[in-house]
1. Between the DSSP loop rule and a limit of at most 15 other Cβ atoms within 10 Å, which trypsin sites (Lys or Arg not before Pro) in the stretch 76-135 are left?
2. Straight-line reach from K69: which lysines fall under 28 Å, measuring Cα to Cα and dropping same-chain residues less than 8 apart?
3. Can you give the extra length, in nm with one decimal, that the chain gains between V149 and D65 once fully stretched, where that is 0.36 nm per residue apart less the Cα-Cα distance?
4. First check a/c for the stretch 88-154, with a ≥ b ≥ c the square roots of the eigenvalues of its C-alpha gyration tensor; if it is under 1.5, answer rounded, and if not, answer prolate when a/b is larger than b/c or oblate otherwise.
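Quick note: the coordinates plus some simple rules give every number you see, no bench work behind them. Values in this document were obtained by computation on a predicted structure and should not be read as measured data. Neighbour counts are summed over all protein chains in view; Cβ atoms, including those assigned to glycine, are modelled from backbone coordinates with ideal geometry.
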Amino acid sequence: IVTSKDDDQLRCWMERFINDKDLIDSLIKRRNNPYIPALLHFTNTERKSQLRTFMSATKATISHDEPVKSASFSADASHMLTAGQDGAARIFGLEADGSWIPKVLTLQRYSVLSASFSTNGRHVVILTGNSAVRIYGQEADGSWERKAVIVHEDDVYSAPSVPIVVIC
């Protein structure tokens, strides 16, 4: 199920999969039609069947100084988050040309055990080896700012991806 707040958001999402403006316009006009998933599936399947060879290509290489503990995409795939044993958590943004640009680098004295996006992709939870949880939020201008640091007395083993509400 694909939900969107408006036609522009739906169009942006479809453009990642469909390179046909007329088809996208047609699908958006029928967005409330119960058959739209089937139309989209059959259209993409037909196009894929016409391809002869799939070529994989590396779009970007993102590394840390020590092993990466986790990497994940935001729900809309416009950001990527990495967590490293080197104490670095990085947020990268996808540019129009397909490149990934670093947006935030946080360095901790301890290994970053895990990092995940909230379900809406506007917040990040970073869990470090000293039982601290850091929450970053995306501002209206697209920048990322630290919103909170929560320190626990005991070990913390995970910071799940859940809806986060930050009141500032």
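1. Numbers: sites: R90, K103, R109, R122, R134; in loops: R109, R122.
Passing sites in the stretch 76-135 are R109.
2. K59, K103, K147
3. Details: separation 84, 0.36 × 84 = 30.24 nm, distance 2.43 nm.
Result: 27.8 nm gained on full extension.
4. Details: a/c = 2.47, a/b = 1.78, b/c = 1.39.
Prolate.
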